[in-house]
Amino acid sequence: MKILHLETSSKNSSVAISEHGHILCLCEEVSENYKQSEHLHKFVEWALEGAEIQLKDLDAVALGMGPGSYTGLRIGTAAAKGYCFALGIPLIAVNSLETMVEPFVGQGFDAIIPMVDARRMEVYSAVFSGNDGKEIAPTQALILDENSFSEYHDEKVIFVGDGAKKASTILQMPHATYHSEVFPSAQYLVQKAVKKYNHQSFEDIAYFDPFYLKEFQGTKLSK
């Protein structure tokens, strides 16, 4: 089972190749300028070379489906669909917030709260168990205030992701840790993608849309 993993929902443009749940190659780069359109297909090429396989050898494509950057998600989804259509292989989608949790499971935290920076004081967030990584509270768009996550005030919690920097300036949680230099990564799509592949839990390629969570908000340029 060889799977191509794509994660483009954040500043981290990330590509991995796995075989039977083991990573063969990982290519990724964090860029403040969201350079997924420039790097994604180059990273796919490099990952295939590093894994010493060809596109025709792939059995599926796994995609970090968001929430996150609207443009990044569009780029990743278009690429994933293109590979799936061309190769006749299935598409697997995984919530991008889940890929931020895996490194912190079993590290002594009561809860792990991934946060993706949205607009102003808003974040995309969810809550996961620190013991086994299972979802406690579903993904939502949340405007942070001093009462956010008050139910975890007395617990040992870690906030991860670029939205955690906002949280650290507002929340008064004495047992909380904030780790802002964490981004969704293709390497943490692997185990969830394998599980979905084994259960034949695939997306409808023609009708699949990323998990935007909110409507796109553009900026009108003045003449």
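Structure summary
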read-out: Selection from region 43-87 of residues that are open to solvent by less than 40 Å² (accessible area, probe 1.4 Å), closer than 20 Å to PHE208 by Cβ and outside any helix (DSSP H, G or I); value: LEU58, ALA60, VAL61, ALA62, LEU63, GLY64, GLY66, PRO67, GLY68, SER69
read-out: All positions within region 1-32 that are farther than 9 Å from GLN187 by Cα, among the β-branched types (Val, Ile, Thr) and touching a Gly at 6+ places or on another chain (Cβ under 8 Å); value: THR8
read-out: Filtered residues of region 18-33 (kept if of a type outside the set (Asp, Glu) and at pLDDT 95 or above); value: SER18, HIS20, GLY21, HIS22, ILE23, LEU24, CYS25, LEU26, CYS27
read-out: Tally, over region 139-165, of residues that are in a helix (DSSP H, G or I), within 17 Å of TYR124 (Cβ to Cβ) and open to solvent by 30 Å² or more (accessible area, probe 1.4 Å); value: 1
read-out: Matching residues, region 166-196, being over 14 Å from VAL101 (Cβ atoms), open to solvent by less than 60 Å² (accessible area, probe 1.4 Å) and outside any strand (DSSP E or B); value: LYS166, ALA167, SER168, ILE170, LEU171, MET173, SER180, ALA186, ALA193, VAL194
read-out: Given (1) out of contact with any helix residue (DSSP H, G or I) (no Cβ under 9 Å at 6 or more places or on another chain); (2) not in a helix (DSSP H, G or I), index of the condition CYS25 fails; value: (1)
read-out: Residue within region 16-30 that is touching a residue at least 60 places away in the same chain (Cβ under 8 Å) and buried (at least 24 other Cβ atoms within 10 Å of the Cβ) present; value: yes
read-out: Hits in region 151-177 (condition: within 29 Å of PHE43 (Cβ to Cβ) and among the aromatic types (Phe, Trp, Tyr)); value: PHE159
read-out: Test for VAL123: is it in a strand (DSSP E or B) and more than 24 Å from GLU38 (Cα to Cα); value: yes
read-out: Filter result (in contact with a helix residue (DSSP H, G or I) (Cβ under 8 Å, 6 or more places away or on another chain) and more than 30 Å from LYS56 (Cβ to Cβ)) within region 90-100; value: MET100
read-out: Leading residue by the ranking (surrounded by the most Cβ atoms within 10 Å (Cβ to Cβ)) among those in region 88-111 that are small (Gly, Ala, Ser) and under 13 Å from the mean Cα position of the chain (by Cα); value: SER96
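The values are calculated or read from the model by the stated rules, or taken from the named source; none is laboratory data. Worth saying up front: this structure is predicted, and the values here are computed from it rather than measured. In this analysis, Cβ positions are derived from the backbone assuming ideal geometry, glycine residues included, and neighbour counts consider all displayed protein chains. To get the accessible areas, we keep the full protein, side chains included, count just its heavy atoms, and leave off ligands, DNA and RNA. Shrake-Rupley method; radii C 1.70, N 1.55, O 1.52, S 1.80 Å.
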